Amino acid sequence: MKRMIILTVAASFAFCGVAGAATKSKDEVLSGFTRTGQLESCLPLRDIDNSQILDDQTILFKTTGKETYLNELPGPCPELKVQGTFSYKTPVNRLCNTDSITVVDTALHQQLSACLLGKFEKLTAKEKAAN
């Protein structure tokens, strides 16, 4: 019998330990990274530390190993950015591009849109210019 793992990831977690990171625009957040083109189909659940919802189609995942992955959903996921919270269910110990996320309205305790994930692209942080 397969074990079903249910985890909820909230975008309100401080991403990279920076207060107020959730208020930055997608372009502002992504300007701190370089896209590597290295795609992963799955991330092990034990490695996912937190996530940051950038818009209705884009989520950053930060791992416990301090790596950052960009997930661009195949299409917009209604209410994702506004609600700021999603959940997922997976029968394995990985979150994959074949899995879907469900937008959660925590105030009403309701599940809203269900949307497929895309592949996870590894990002590298740009070095900050010295003053």
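The values are calculated or read from the model by the stated rules, or taken from the named source; none is laboratory data. A quick note: this is a predicted structure, and the numbers were derived from the prediction, not measured. Quick reminder, even Gly has a Cβ in these numbers, built from the backbone with ideal geometry, and neighbours come from all protein chains shown.
Structural remarks
- Of the criteria (1) free of Cβ contacts under 8 Å to residues at least 60 places away in the same chain; (2) of a type in the set (Gly, Ala, Ser); (3) under 23 Å from Ser31 (Cβ atoms); (4) exposed (fewer than 14 other Cβ atoms within 10 Å of the Cβ), which one Ala107 fails: (3)
- The stretch 51-74: number of residues that are farther than 19 Å from Ser25 by Cβ and surrounded by fewer than 19 Cβ atoms within 10 Å (Cβ to Cβ): 6
- Filtered residue count, the stretch 90-131, keeping only those that are farther than 14 Å from Cys42 by Cα and of a type outside the set (Val, Ile, Thr): 18
- Number of the condition not met by Cys77 [criteria: (1) buried (at least 17 other Cβ atoms within 10 Å of the Cβ); (2) part of a strand (DSSP E or B); (3) of a type in the set (A, V, I, L, M, F, W, C)]: (2)
- Verdict on Ser51 being modelled with pLDDT under 95 and of a type in the set (Ser, Thr, Tyr): no
- Taking the stretch 62-74 as the range and being within 13 Å of Leu43 (Cβ to Cβ), touching a residue at least 40 places away in the same chain (Cβ under 8 Å) and either aromatic (Phe, Trp, Tyr) or part of a strand (DSSP E or B) (or both) as the test, the residues that pass are Lys62, Thr68, Tyr69, Leu70, Asn71.
- Contact map, the stretch 112-131: residues that are within 25 Å of Gln38 (Cβ to Cβ) and of a type in the set (Val, Ile, Thr) paired with residues that are at pLDDT 90 or above and in a strand (DSSP E or B), Cβ distance under 9 Å, separation 6+ or inter-chain. Pairs shown: Thr124/Phe33; Thr124/Thr34; Thr124/Arg35; Thr124/Thr36; Thr124/Thr68.
- Residue under evaluation Ile101, criteria (1) β-branched (Val, Ile, Thr); (2) modelled with pLDDT of 95 or more; (3) surrounded by fewer than 18 Cβ atoms within 10 Å (Cβ to Cβ), criterion not met: (3)
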